[in-house]
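*Asks:* First the structure, then my questions, so here it is.
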Amino acid sequence: MSGLQKSPWVIHYDASSCNGCDIEVLASLTPGFDVERFGIINTGNPKHADIFLVTGSVNAQNRIVVRNIYDQMPEPKVVVALGCCATSGGIFRECYNVSGGVDSVIPVDVYVPGCAIRPEAIIDGVVRALGILEARRAAIAASTVAAGVMTIQRATAADLPELLALQKVAYQSEAEIYDDTSLPALHQTLAEMTADFNRMIFLKGVVNGKIVASVRGYDDGKGSANILRLSVLPYFRGRKLGRRLMAAIEAEFPQAKRFELFTGHRSAINIHIYTQLGYTNFKTEPFNDHIEWVYMEKKQS
Amino acid sequence: MSPWWRLLIYLVAAPLVGGLLAGIDRRISAHMQARQGPPLLQPFYDVIKLWSKERLVVRRTQNYFILFFFLLTVFTGALFFCGSDLLLVFFALTLSGIFFVLGAYKASSPYSFVGASRELVQMMAYEPVVLLTAVGLYMVTHTFQVDAIVSSAHTPILLLPGLFVALMYAMEMKFRKSPFDLSMSHHAHQELVRGITTEFSGPTLAIIEVAHWYENVMLLGWLFPFFSTHWVFGLAATALMFFLLLVVDNVCARVRWDFALRSTWQMTLVLGCGNILVLWLVEVLGIVKL
């Protein structure tokens, strides 16, 4: 039992709707329909919400807003498109600035048509979303359990966008340590990553079809292998996934006489893990005025 | 009952009573608005739900502050229900509030900042009168020990009516009710986003909610000594006061922070200090023997 089904908190966003559907959304909160009977609260804060209600067709101005709200919602979450415009673009579909329904920006779970949508249909849509929400929670719980059975594979070029997203999420904690968002890992572009991909071996850790960790490495041609960008999704940390990936990437270079990697001087957890894996510090180099790269190496016997 | 038993009962029962009070609060409020309202156990469903959600953070340290906020809130109530010193309880209460504010500041988001600064303004507003309560109760019962205050022969409300009114005025703030739900509100979630709790999600938000339940039980406990002639009378009067807070919550719109601060201090000065002054005078003149 998760209580999710009994306490769905919604956030409502008007993506260029004519206000017809929005008024109906608010009407469902009034004494006549009183959705609080089902524990539904209109939060107005994506970080507290479980269900994202979007009305109106998405236009060029607010695509980024819709995306942002969706990204800020904690898992598990579902999206309900309310009204004809949100489900398909409606009569604004052909407009030059309209990108179509909500599903042109974020994945939509429940489509509720209507112009304007009726409060009964809104409540029905939210109740339908509850089932999906519960299934999603169970899936997440299962993948946390399944972290132990993470499979490690070579990544393919098709994985690169997902790997880039993973890297940017994973390096947030590093940026936080140094209070500096100029870390190169946070600014890599897909083109640069593709260039990396062409000369390096990329490994991905997969749990239930989702990439949760990755690392890459290359042989420098002088007998030593460089390992870099070890990333694990924050939700999956502390389960020794990083160590397993390190072992796997080292095994990719059986010829290498030594392995080399670097991290920041205040990244205590990283340094601790690498030290435990047999790496020792051999030089430091300043990156900017408050970050120093600590280079570590491990000699292969 | 020994203080240790009371501590144990408090630790176990306070979240249950607090959650139930929150449920009653929501149902009564809904009925006042001609709605049916959520099930009585809705606050518990909410907390269970929040516990299974992802914990999103801006900075991970923000959650440690909330953990300390929770621990200190529980500690405050524990001190109170063990019958400790009222002043000590007051200072522990302040400290727990400060940790909440620090957590919100740590999250560095504009909404969180607004909520945190409003919370600080609220603390400035309600703390004088809460401290004055301890002074008033001391004048009547000659002790700061909660145990001794509750078991004294006096009914403090008869001698401290002004102070009590001022305290109730400030309590709207502590219970996060209109007209003073400036930093974080249970209703009208849209206007402040969610004030001080904006950046907390999942289990951390659940901890804040449970801490709030503990706090509410402690605050109702703070009202109890005023009616402590008989425990049935005391409980009934405290329940009535809780209902009164709900009524005020539902009939008032939110006011601006400067009005909230000014009016609370005016109430404290005129009714609170006035009450204590009069009490001192009548005692000096020998009209009342304390």
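*Asks:* Just to be sure, is B:PHE68 under 30 Å from A:PRO31 (Cβ atoms), under 21 Å from the mean Cα position of the chain (by Cα) and free of Cβ contacts under 8 Å to residues at least 40 places away in the same chain?
*Replies:* Here the answer is no, as B:PHE68 does not meet what is asked.
*Asks:* Looking at the range B:144-158, can you tell me whether even one residue there is in contact with a Gly (Cβ under 9 Å, 6 or more places away or on another chain), buried (at least 18 other Cβ atoms within 10 Å of the Cβ) and of a type in the set (Gly, Ala, Ser)?
*Replies:* No, there is no match, as no residue in the range B:144-158 is in contact with a Gly (Cβ under 9 Å, 6 or more places away or on another chain), buried (at least 18 other Cβ atoms within 10 Å of the Cβ) and of a type in the set (Gly, Ala, Ser).
*Asks:* Next question, about the same structure. So is B:ALA239 modelled with pLDDT of 90 or more, closer than 25 Å to B:GLN33 by Cβ and surrounded by fewer than 23 Cβ atoms within 10 Å (Cβ to Cβ) or not? Walk me through it before giving the result.
*Replies:* Numbers: modelled with pLDDT of 90 or more: yes; closer than 25 Å to B:GLN33 by Cβ: yes; surrounded by fewer than 23 Cβ atoms within 10 Å (Cβ to Cβ): yes.
So B:ALA239 fits the description; yes.
*Asks:* Identify all residues within the range A:10-39 that are more than 8 Å from every other protein chain (Cβ to nearest Cβ) and in contact with a Ser or Thr (Cβ under 8 Å, 6 or more places away or on another chain); write none if there are none.
*Replies:* Selection gives A:VAL10, A:ILE11, A:HIS12, A:TYR13, A:ASP14, A:ALA15, A:SER16, A:SER17, A:CYS21, A:ASP22, A:VAL25, A:VAL35.
*Asks:* If you don't mind, another one. Go through B:THR133, B:THR198 for me and flag whichever is away from chain A (no Cβ under 14 Å), on the phi < 0 side of the Ramachandran plot, surrounded by 19 or more Cβ atoms within 10 Å (Cβ to Cβ) and touching a Gly at 6+ places or on another chain (Cβ under 9 Å).
*Replies:* Details: B:THR198 fails: away from chain A (no Cβ under 14 Å).
Residue meeting the stated conditions: B:THR133.
*Asks:* Right, next: So, of the residues in the range A:50-73 that are facing chain B (nearest Cβ under 9 Å) and buried (at least 20 other Cβ atoms within 10 Å of the Cβ), which turns out to be farthest from A:GLN5 (Cα to Cα)?
*Replies:* The first filter runs over the range A:50-73 and keeps only residues facing chain B (nearest Cβ under 9 Å), leaving A:50, A:72-73.
Among the residues that remain, those that are also buried (at least 20 other Cβ atoms within 10 Å of the Cβ) are: A:50, A:73.
Values: A:ASP50: 10, A:MET73: 17 Å.
Filtering first and then ranking leaves A:MET73.
*Asks:* Do you know which residues across the range B:42-63 are more than 8 Å from chain A (Cβ to nearest Cβ), among the polar types (S, T, N, Q) and in contact with a Gly (Cβ under 7 Å, 6 or more places away or on another chain)?
*Replies:* Answer for the range B:42-63, where residues must be more than 8 Å from chain A (Cβ to nearest Cβ), among the polar types (S, T, N, Q) and in contact with a Gly (Cβ under 7 Å, 6 or more places away or on another chain): just B:GLN62.
*Asks:* Check B:LYS106 against each of (1) over 25 Å from B:LEU21 (Cβ atoms); (2) more than 14 Å from chain A (Cβ to nearest Cβ); (3) without any contact (Cβ under 8 Å) to a residue 60 or more places away in the chain; (4) among the charged types (D, E, K, R) and name the one condition it does not meet.
*Replies:* (2)
*Asks:* Which strands (runs of 3 or more DSSP E) sit wholly inside the range A:195-301 and have at least 2 residues that are out of contact with any strand residue (DSSP E or B) (no Cβ under 9 Å at 6 or more places or on another chain) and at pLDDT 90 or above?
*Replies:* Because the criterion is at least 2 residues that are out of contact with any strand residue (DSSP E or B) (no Cβ under 9 Å at 6 or more places or on another chain) and at pLDDT 90 or above, no strands (runs of 3 or more DSSP E) in the range A:195-301 meet it.
*Asks:* Inside the range B:1-118, counting only helices (runs of 4 or more DSSP H) that do not spill past its ends, which hold 1 or more residues that are under 30 Å from A:ALA170 (Cα atoms) and not hydroxyl-bearing (Ser, Thr, Tyr)?
*Replies:* The qualifying helices (runs of 4 or more DSSP H) are B:42-51, B:61-81, B:86-106.
*Asks:* While we're on this one: Across the range B:84-98, what is the total count of residues that are crowded, with 19+ Cβ neighbours inside 10 Å and not aliphatic (A, V, I, L, M)? Quick ask: steps written out before the conclusion?
*Replies:* To start, the set of residues in the range B:84-98 that are crowded, with 19+ Cβ neighbours inside 10 Å comprises B:86, B:89-90, B:92-93, B:96-97.
After this cut, where a residue has to be not aliphatic (A, V, I, L, M) as well, the list is B:90, B:96-97.
Residues that pass the stated criteria total 3.
*Asks:* Would you check if A:ARG118 is surrounded by fewer than 21 Cβ atoms within 10 Å (Cβ to Cβ), more than 21 Å from B:ARG194 (Cβ to Cβ), of a type in the set (Lys, Arg) and within 14 Å of chain B (Cβ to nearest Cβ)?
*Replies:* no
*Asks:* Next question, about the same structure. Could you please find all residues in the range B:193-212 being among the aliphatic types (A, V, I, L, M) and closer than 13 Å to B:SER112 by Cα? If you could, list the steps in order and put the result at the bottom.
*Replies:* Step one: filter the range B:193-212 for residues among the aliphatic types (A, V, I, L, M), giving B:193, B:196, B:205-208, B:210-211.
Of everything in the range B:193-212, those that are among the aliphatic types (A, V, I, L, M) and closer than 13 Å to B:SER112 by Cα turn out to be B:VAL193, B:ILE196.
*Asks:* Output the residues belonging to the range B:1-27 that are away from every other protein chain (no Cβ under 13 Å) and farther than 22 Å from B:PHE75 by Cα.
*Replies:* The answer is B:ILE24, and nothing else.
*Asks:* A further question follows. Go through the residues of the range B:247-256 one by one and say whether even a single one is within 14 Å of another protein chain (Cβ to nearest Cβ), over 17 Å from the mean Cα position of the chain (by Cα), at negative phi and buried (at least 21 other Cβ atoms within 10 Å of the Cβ).
*Replies:* no
*Asks:* Shifting gears a bit: Kindly provide the set of residues from the range A:27-71 that are touching a strand residue (DSSP E or B) at 6+ places or on another chain (Cβ under 8 Å) and without any contact (Cβ under 8 Å) to a residue 40 or more places away in the chain, ordered by number.
*Replies:* Selection gives A:LEU29, A:ILE41, A:ASN42, A:THR43, A:GLY44, A:ASN45, A:PRO46, A:HIS48, A:ALA60, A:TYR70.
The values are calculated or read from the model by the stated rules, or taken from the named source; none is laboratory data. Note that this is a predicted model, so its numbers are computed, not measured. Cβ: placed from backbone, ideal geometry, glycine included. Neighbour counts: every protein chain shown.
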